[in-house]
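The values are calculated or read from the model by the stated rules, or taken from the named source; none is laboratory data. This structure is a prediction, so every number in the text was calculated from the model and none was measured. Glycine also receives a Cβ, built like all others from the backbone with ideal geometry; neighbour counts cover every protein chain displayed.
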Amino acid sequence: MKCPFCDELEDKVVDSRMAREGGVIRRRRECLSCKRRYTTYERVEESLPMVVKKDGRREPFDRTKIMAGLKKACEKRPISTPTIEAVTDRIEKRVQEMGDTEIRSRTVGEEVMKELHQLDQVAYVRFASVYREFKDIDQFMDELKALAHERREK
């Protein structure tokens, strides 16, 4: 592993622990050259599908895009980064369990919407307004009314 401080390739593992329910191994490493310590994470390389965009382009599934969308939707909301990471993990796991080699971006977006709907209604509406490309205030209000109706029924 290349040291992030001095770019040396020689290091030693000082400590290894399981993280995220055994899905990741966290390793503390020490560079043999500069003696500084750093942390790496190891996970099984999973075969994730290609995402088919609205315009037909295909690109590899990218969990960082999901994280970025969730962080933007949850900005200034009482939602922690570990919670956002856990939501991202669940979405990634469901996409992988589908077992498809290709998946529509709409499917990924709907998974994000499901998670946000349960997590935080303000974040849900923020994400929905961009994801569903609301054209006017009426579409926005319709979404809010649907949420209010669901809330009254609970």
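Structure data summary
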read-out: Candidates 44, 95, filtered to the one that is surrounded by 11 or more Cβ atoms within 10 Å (Cβ to Cβ) and among the β-branched types (Val, Ile, Thr); value: 95
read-out: Residue within segment 65-78 that is surrounded by 15 or more Cβ atoms within 10 Å (Cβ to Cβ) and touching a His at 6+ places or on another chain (Cβ under 6 Å) present; value: no
read-out: Pair list, Cβ < 7 Å and 6+ apart or interchain, from segment 85-102 residues that are farther than 17 Å from residue 74 by Cα to residues that are aromatic (Phe, Trp, Tyr) and assigned to a loop (DSSP other than H, G, I, E, B); value: 95/61
read-out: Subset of segment 99-110 (residues that are farther than 15 Å from residue 58 by Cα and under 17 Å from the mean Cα position of the chain (by Cα)); value: 109, 110
read-out: Positions within segment 69-108 being touching a strand residue (DSSP E or B) at 6+ places or on another chain (Cβ under 9 Å) and either among the hydrophobic types (A, V, I, L, M, F, W, C) or on the phi > 0 side of the Ramachandran plot (or both), in sequence order; value: 95, 103, 108
read-out: Close pairs from segment 54-72: first hydrophobic (A, V, I, L, M, F, W, C) and modelled with pLDDT of 95 or more, partner surrounded by fewer than 15 Cβ atoms within 10 Å (Cβ to Cβ) and part of a helix (DSSP H, G or I), Cβ under 6 Å, at least 6 apart; value: none
read-out: Among the candidates 73, 19, residue that is under 26 Å from residue 110 (Cβ atoms) and among the aliphatic types (A, V, I, L, M); value: 73
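Results for (1) farther than 30 Å from residue 15 by Cβ; (2) in contact with a Gly (Cβ under 9 Å, 6 or more places away or on another chain), shown as yes or no for each residue.
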| site | (1), (2) |
| --- | --- |
| 68 | yes, no |
| 71 | no, no |
| 100 | yes, no |
| 103 | yes, no |
| 109 | yes, yes |
| 126 | yes, no |
| 143 | yes, no |
